[in-house]
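Undergrad: Here's a structure for you.
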Amino acid sequence: MIDVNSSLPMIRDSRDMEDQCDAATEKELNGLVKVRQDAWSHEDDLLLAETVLRHIREGSTQLNAFEEVGDKLNRTSAACGFRWNAEVRMKYDSAIDLAKRQRKEKKRAIAKQAQKPRNPVISLPPSYEEYIEPQEQSTLIIEEAAPTITMDMVIQYLHEIKKDYYASNQSKVSLESAHKENTLLREEISKLEKQLSQTETQLATIQEDYQAFIQIMDRARKMTVLDDHGTMKAPTFRMDKNGNLQQLAQGSN
């Protein structure tokens with residue numbers, strides 16, 4: 001018969017071991033999927049982009065947008081600016097251009113309304129806040145108009161210089177190769193022209209020799225005589241020192 005009281009401690013120990021294993025497994029899983037607390041999420045990037053685009057449309061500066069996002073996300077404006085320039089800005093180039101066009105159209109509309117004739121009204125002296133607002137607006141416009149040079153722009157500029165340098169070196173090598181090939185072709189043409197001149201000289205000499213040979217054969221034919229029996233006897237010739245043929249008398253050795 002099984003003693004229940006003696007088996008209870010064993011059951012409790014086994015349950016404790018199972019709880020410890022479950023806790024260790026959950027801890028390992030949490031360690032694997034642990035995310036940095038200061039990491040930027042997709043929602044954070046979307047909030048940053050929407051805020052910056054809104055400030056651009058309204059004629060404000062990106063610095064004000066970074067400060068607004070920093071207050072909402074509990075981050076510094078410098079961290080928001082770095083995130084915008086390093087990761088988010090390149091994804092919204094077309095949206096930035098559209099926001100700038102909307103800002104220009106808004107300024108033009110305001111300028112047209114300002115040019116319209118207005119009925120004379122009695123204006124009260126401006127308060128301090130109303131007087132300081134145009135100055136702040138002009139300062140914001142100046143800050144927005146000033147170009148900002150980022151590290152990405154510098155790196156892109158250096159890459160373009162590097163490409164131009166390699167392209168110029170490649171063009172220089174191609175030009176030198178073309179010059180060398182041109183020099184070799186000129187030397188080959190000069191050799192062929194010399195060979196052609198020599199061939200023409202040899203051909204002229206052969207033609208002169210051929211004409212001389214024809215003349216000799218013609219003279220030999222004319223000096224041929226017939227004997228009394230009507231048979232043709234070939235005369236005997238000899239060549240003198242000058243290369244001329246002389247007919248020997250018949251019967252002489």
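FYI, it's all coordinate maths here, none of it is from the lab. All values derive from a computational prediction rather than experimental measurement. So basically every Cβ, Gly included, is an ideal-geometry build from the backbone, and we count neighbours across all protein chains shown.
Undergrad: Among 39-46, 82-89, how do they line up by average Cβ neighbours within 10 Å per residue, starting with the highest?
TA: 82-89, 39-46
Undergrad: Here's something else I'd like to know. If the chain between Glu176 and Ala86 were fully stretched, how many nm would it gain, using 0.36 nm times the residue separation less the Cα-Cα distance?
TA: 28.1 nm
Undergrad: HN-Hα J couplings of region 53-58 from phi, Karplus 6.51/-1.76/1.60, θ = phi - 60°, integer Hz, Gly and Pro as x?
TA: Rounded to whole hertz, the list is 5, 5, 5, 5, 5, 7.
Undergrad: Multiplying the sequence separation of Tyr157 and Gln115 by 0.36 nm and subtracting their Cα-Cα distance, what value in nm do you get?
TA: Numbers: separation 42, 0.36 × 42 = 15.12 nm, distance 4.30 nm.
Length gained, Tyr157 through Gln115: 10.8 nm.
Undergrad: Read phi for every residue in region 91-105 and hand back ³J(HN,Hα) as whole Hz from Karplus 6.51 cos²θ - 1.76 cosθ + 1.60, θ = phi - 60°, with x for Gly and Pro.
TA: Per residue, the Karplus-derived 3J(HN,Hα) values read 7, 10, 4, 5, 5, 5, 4, 5, 5, 5, 5, 5, 5, 5, 4 Hz.
Undergrad: Same structure again: Going by the alpha-carbon gyration tensor, a ≥ b ≥ c the square roots of its eigenvalues, is region 147-218 rounded (a/c under 1.5) or, if a/c is not under 1.5, prolate (a/b greater than b/c) versus oblate?
TA: Cα axes put region 147-218 in the prolate bin.
Undergrad: Further, regarding this structure: Once you have the Cα-Cα distance between Ala212 and Glu50, take 0.36 nm times their residue separation minus that, and quote the gain in nm to one decimal.
TA: Working: separation 162, 0.36 × 162 = 58.32 nm, distance 10.57 nm.
Full extension of this stretch gives 47.8 nm more.
Undergrad: Peptides 209-218, 51-60: what's the order by average Cβ count within 10 Å, highest mean first?
TA: The most tightly packed comes first, giving 51-60, 209-218.
Undergrad: Determine, from the Cβ-Cβ distance of Ala167 and Ser190 and an R0 of 35 Å, the FRET efficiency 1/(1 + (r/R0)^6), rounded to the nearest 0.05.
TA: For R0 = 35 Å, the calculated efficiency reads 0.50.
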